[in-house]
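What follows draws every value from the coordinates through simple rules; no lab data is involved. Here the structure is a predicted model, which means the values were calculated and not measured. Cβ sites come from the backbone with ideal geometry, for glycine too, and all protein chains shown count toward neighbours.
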Amino acid sequence: MNLYDIGNNSEHIVTIANSGDLEIDFYIYAQNFYEAAENVTHYLMEEAAKNQDIAKLDLWCYSMIYLYRQSLELLLKASIFQTITNNIDRKRVISNIRHDLKQAYEKIIEIKGLTIGDNKNAKWLMEYLSNISFIDRKSDMFRYPFGNNRELLFKKQTSISFVAIYDNMNKAYSIIKDIYDMGCFFEQEIKSYKPQLIIEEGYYYQTSVVSYQYLPYAFFPYYSSYE
């Protein structure tokens with residue numbers, strides 16, 4: 001990989017072909033991001049943990065969370081576009097929602113006439129997406145070392161559980177996919193951790209330690225993670 005190897009003479013030209021139907025394309029993208037996140041997570045929880053590869057355990061966390069988060073965002077937007085088909089209306093809705101997962105979920109409930117009621121999966125998802133939006137409303141905290149105002153996501157050294165992220169992201173993805181596929185909430189409660197993005201617990205070699213105090217603004221962890 002060479003970040004400078006770009007341009008018309010590059011040997012690594014990539015062509016992306018879309019169907020032209022944003023709903024379908026977003027759904028396919030959501031699946032691809034989800035599968036990529038699953039590959040990273042399984043590698044970390046299995047091979048990297050077995051080999052006690054601290055470098056990968058600590059650095060790959062950023063891309064793993066971003067890939068999962070992006071899969072949820074695209075799946076939510078695909079579900080919105082099932083109901084909202086006019087391009088002008090789509091642009092208006094997306095310009096209001098931007099990257100806010102909680103707002104996207106609320107819009108789906110509104111336009112599809114869904115009721116959360118006592119459904120535990122639906123209530124859990126609202127809390128979970130609210131927590132993600134509180135932490136990462138603009139979808140930039142796991143792409144870059146800090147926000148536009150040099151705001152740090154982790155202000156102290158933190159150990160993040162891969163297992164909790166894996167379980168919670170899978171639950172969230174399943175609930176949203178049920179809405180997309182069947183237009184309703186799955187009734188049987190899906191077991192998971194508490195509805196939080198960052199959970200500090202777990203076996204040592206199934207956690208990622210981020211934000212070393214002596215390198216609070218380091219770009220290297222992000223670059224290395226995506227490389």
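What pairs from Lys123/Lys194; Lys107/Lys194; Lys50/Lys194; Lys102/Lys138; Lys102/Lys171 go past 22 Å between their alpha carbons? Result: Lys107/Lys194; Lys50/Lys194 exceed 22 Å. Extension gain for Glu127 to Ile109 (0.36 nm times residue separation, less C-alpha to C-alpha distance): 5.1 nm. In order along the stretch 86-94, the Karplus-derived 3J(HN,Hα) couplings, from 6.51 cos²θ - 1.76 cosθ + 1.60 at θ = phi - 60°, round to 6, 4, 5, 5, 4, 4, 5, 5, 5 Hz, and Gly and Pro are given as x.
Loop-resident trypsin sites (Lys or Arg not before Pro) (DSSP state other than H, G, I, E or B) in the stretch 60-123 with no more than 14 further Cβ atoms inside 10 Å of their Cβ: Arg98.
Starting from the Cα-Cα distance between Gln31 and Ile135, subtract it from 0.36 nm times their residue separation and give me the gain in nm to one decimal.
35.1 nm
Placing R0 at 41 angstrom, the Cβ-Cβ distance between Glu201 and Ile16 gives a FRET efficiency of 0.55 after rounding to 0.05. Here's the picture: a label point sits 7 Å out from the Cα of Gln82 along the beta-carbon direction, and within the stretch 169-185 the residues with their amide nitrogen under 14 Å of it are 173-185. By the beta-carbon count within 10 Å of each Cβ, the least crowded to most crowded order of Ser161, Ser79, fewest first, is Ser161, Ser79.
Label zone (Lys194, point 7 Å along Cα-to-C-beta; backbone nitrogen cut-off 17 Å) within the stretch 116-135: 124-135. If the Kirkwood radius is taken over C-alpha pairs of the stretch 38-132, then at 20 °C and 1.002 mPa s the Stokes-Einstein diffusion coefficient equals 139 µm²/s. Full extension of the chain between Asp181 and Ile24 gives 55.3 nm of extra length, using 0.36 nm per residue less the Cα-Cα distance.
So for Val40, Val209, Val14, Val93, fewest C-beta neighbours within 10 Å to most, what's the order?
With the fewest neighbours first, Val40, Val209, Val14, Val93 line up as Val14, Val209, Val93, Val40.
Here the calculated FRET efficiency for Asp118 and Ser95, from their Cβ-Cβ distance with R0 = 30 Å, stands at 0.35, rounded to the nearest 0.05. Each of Thr15, Ile28, Thr41 was scored by the projection of its Cα onto the charge dipole of the stretch 13-82, and the greatest displacement toward the positive side belongs to Thr41; charges sit on the C-beta of Lys, Arg, Asp and Glu. Less than 5 angstrom separates the built amide H of Thr207 from those of Phe162, all sequence-distant by 5 or more or on a different chain.
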